[in-house]
Amino acid sequence: MIKIDKDLITKIARGTEFLGSGGGGHTYISEFMALQLLSEKKTSYLIEIEKVPNNALVLSVAFMGSPLIFKEKIPNGIEAINVLKMLENYFGEKTYAIAPAEGGGLNSLTPIVAGLNANIPVVDADGMGRAFPELQMTTFHLHDISITPMAISDEKGNTIFIDSIDNYYGEWFARGITILMGGYSWISLYAMTGKELKRAAIRGTITKSASIGEVLISNMSNEIRMREICKITGGSLLGEGKISNITRTKYKKFYGGKIEITGKEKIKIIFQNEYLLAENDARRVAVPDIITLLNKETLKPISTEEIKYGEDVYILTIPSDKKWKTKKGLEIVGPEAFNLEGIQL
């Protein structure tokens, strides 16, 4: 059990953007909210998954919608309390712990905001090991845990309860309601027991983010920091170069595009919300593995919204959790799920 403090939040905030694969949103607002709650003497703990009793109620809390709107339409802090209370009233039981649904981007910190607000511990695990754009793209769904009942709240205090016939309808309803709420919402979903959590979750994601963050904020050289991050993540360098071409387009309901990076060799990347496919002369890396673009000078992860012509970058690839490498896992988040099967770069 680790008490959540300012140092831990800072490390998680820096490291979790690394696992976002270009998506998941910047952590600025959720980091600020968590630090504000600490200044108000709120407390929460990061706990190991094995510490959760098998019969305990575990809920996920997450932000849904556009991270860009999140920067302009500031949350008031009660949304997480609203959604937790709604589901606790439904189950007639207090939440034992909060399990992050997403391991990359700001949704690694929104559960901590919820935990601090409600004095509930946060589990060192998640349902993605990275960032994905849709709610059913989780290992919880992979292990047949229902996305509903789900509670949704906006910053005004409006709350909505969803009970869907399957997880795909749950995602569809939640996305539509989030649009009506102004483009983002806070949600609580994937209610499960401790036993189900242990079966379905990807373990150690939050402490992994903190370990990456500790390296990133260190005074070590870029070369050493890259080597240390590869040790932590099992990642490897695909290449480096200058962004020489960017094409943006829309893939059904999500925006994306293509990038060309020119260095010793040409690297091509396809993105939709996240970086999904990267290829050079020797290797082709595709979702669910993580593709991260880093500014060569600062090693700051570059989101898909921030891609700039002429920027010098490293392209790092990180293997996804083995849960995603199964046949069913690839059906949910593999290339075919993003209409990339057989695509030529």
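Residue by residue, here is whether (1) over 21 Å from residue 160 (Cα atoms); (2) at pLDDT 95 or above; (3) hydrophobic (A, V, I, L, M, F, W, C); (4) in the same structural domain as residue 232 (by TED's automatic domain parsing) holds:
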position	(1), (2), (3), (4)
23	yes, no, no, no
26	yes, no, no, no
46	yes, yes, yes, no
53	yes, yes, no, no
56	yes, yes, yes, no
60	no, yes, no, no
71	yes, no, no, no
75	no, no, no, no
84	no, yes, yes, no
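Out of all the residues in the range 216-230, which are farther than 15 Å from residue 295 by Cα and in contact (Cβ under 8 Å) with a residue 60 or more places away in the chain?
Let us first name the residues in the range 216-230 that are farther than 15 Å from residue 295 by Cα, namely 218-220, 224, 227-228, 230.
Passing the criteria: only 230.
Which of the residues that make up the range 300-330 are among the aromatic types (Phe, Trp, Tyr) and in a loop (DSSP other than H, G, I, E, B)? Lay out the reasoning, then the answer.
Of the range 300-330, the ones among the aromatic types (Phe, Trp, Tyr) are 309, 314, 324.
Answer for the range 300-330, where residues must be among the aromatic types (Phe, Trp, Tyr) and in a loop (DSSP other than H, G, I, E, B): just 309.
Could you please find all residues in the range 275-321 being among the charged types (D, E, K, R), modelled with pLDDT under 95 and over 16 Å from residue 241 (Cβ atoms)?
If the condition is that a residue be among the charged types (D, E, K, R), modelled with pLDDT under 95 and over 16 Å from residue 241 (Cβ atoms), then 284, 300, 305, 306 are the ones that fit.
If you take the residues in the range 258-293 that are in contact with a Ser or Thr (Cβ under 9 Å, 6 or more places away or on another chain) and without any contact (Cβ under 8 Å) to a residue 40 or more places away in the chain, which one is nearest to residue 227 (Cα to Cα)?
Filtering the range 258-293 down to residues in contact with a Ser or Thr (Cβ under 9 Å, 6 or more places away or on another chain) leaves 258-262, 266, 271-276, 278, 283, 285, 287-293.
Restricting the remaining residues to those that are without any contact (Cβ under 8 Å) to a residue 40 or more places away in the chain gives 260, 262, 266, 289.
Numbers: 260: 25, 262: 23, 266: 23, 289: 19 Å.
That would be 289.
Checking residue 182 against (1) assigned to a loop (DSSP other than H, G, I, E, B); (2) under 27 Å from residue 288 (Cα atoms); (3) not aromatic (Phe, Trp, Tyr), only one condition comes out false. Which one?
Condition (2) is where residue 182 drops out.
So residue 158 fits all but one of (1) polar (S, T, N, Q); (2) free of Cβ contacts under 8 Å to residues at least 24 places away in the same chain; (3) closer than 12 Å to residue 24 by Cα; what number is the exception?
Residue 158 satisfies every listed condition except (3).
Quick check on the range 163-182. Is at least one of its residues touching a helix residue (DSSP H, G or I) at 6+ places or on another chain (Cβ under 6 Å) and under 25 Å from residue 26 (Cα atoms)?
Within the range 163-182 (the criterion being touching a helix residue (DSSP H, G or I) at 6+ places or on another chain (Cβ under 6 Å) and under 25 Å from residue 26 (Cα atoms)), the answer is no, since none of the residues qualifies.
Tell me which residues, restricted to the range 56-93, are under 18 Å from the mean Cα position of the chain (by Cα) and either among the hydroxyl-bearing types (Ser, Thr, Tyr) or in a helix (DSSP H, G or I) (or both). First the steps, then the outcome.
Filtering the range 56-93 for residues under 18 Å from the mean Cα position of the chain (by Cα) gives 59-71, 80.
Of everything in the range 56-93, those that are under 18 Å from the mean Cα position of the chain (by Cα) and either among the hydroxyl-bearing types (Ser, Thr, Tyr) or in a helix (DSSP H, G or I) (or both) turn out to be 60, 66, 67, 68, 69, 70, 71, 80.
What strands (runs of 3 or more DSSP E), lying completely within the range 229-299, carry at least 1 residues that are exposed (fewer than 15 other Cβ atoms within 10 Å of the Cβ)?
On the way: elements: 236-251, 254-262, 266-272, 274-279, 284-286, 290-295.
In the range 229-299, the matching strands (runs of 3 or more DSSP E) lie at 236-251, 254-262, 284-286.
I'd like the residue in the range 175-190 that is surrounded by 24 or more Cβ atoms within 10 Å (Cβ to Cβ) and not hydroxyl-bearing (Ser, Thr, Tyr) and, out of all such residues, is farthest from residue 75 (Cα to Cα).
189
Name the residues in the range 94-118 that are crowded, with 24+ Cβ neighbours inside 10 Å and either without any contact (Cβ under 8 Å) to a residue 24 or more places away in the chain or part of a loop (DSSP other than H, G, I, E, B) (or both), would you?
99, 100, 101, 102, 103, 104, 109
Can you confirm whether residue 233 is among the polar types (S, T, N, Q) and farther than 18 Å from residue 324 by Cβ?
Numbers: among the polar types (S, T, N, Q): yes; farther than 18 Å from residue 324 by Cβ: no.
Judged against the criteria, residue 233 is not a match.
Looking only at residues that are under 15 Å from the mean Cα position of the chain (by Cα) and assigned to a loop (DSSP other than H, G, I, E, B) in the range 137-153, which one is surrounded by the most Cβ atoms within 10 Å (Cβ to Cβ)?
Pass one, the range 137-153, residues under 15 Å from the mean Cα position of the chain (by Cα): 137-140.
If we keep only those that are assigned to a loop (DSSP other than H, G, I, E, B) as well, we get 137-138.
On the way: 137: 25, 138: 30.
Of everything passing the filter in the range 137-153, 138 is surrounded by the most Cβ atoms within 10 Å (Cβ to Cβ).
Could you please find all residues in the range 159-174 being surrounded by 15 or more Cβ atoms within 10 Å (Cβ to Cβ) and either assigned by TED's automatic domain parsing to the domain that holds residue 327 or assigned to a loop (DSSP other than H, G, I, E, B) (or both)?
Scanning the range 159-174 gives a single hit, 164.
The values are calculated or read from the model by the stated rules, or taken from the named source; none is laboratory data. Predicted, not measured: the structure shown is a model, and the values here were computed from it. For neighbour counting, all protein chains shown are included, and Cβ atoms are generated from backbone atoms with ideal geometry for every residue, glycine included.
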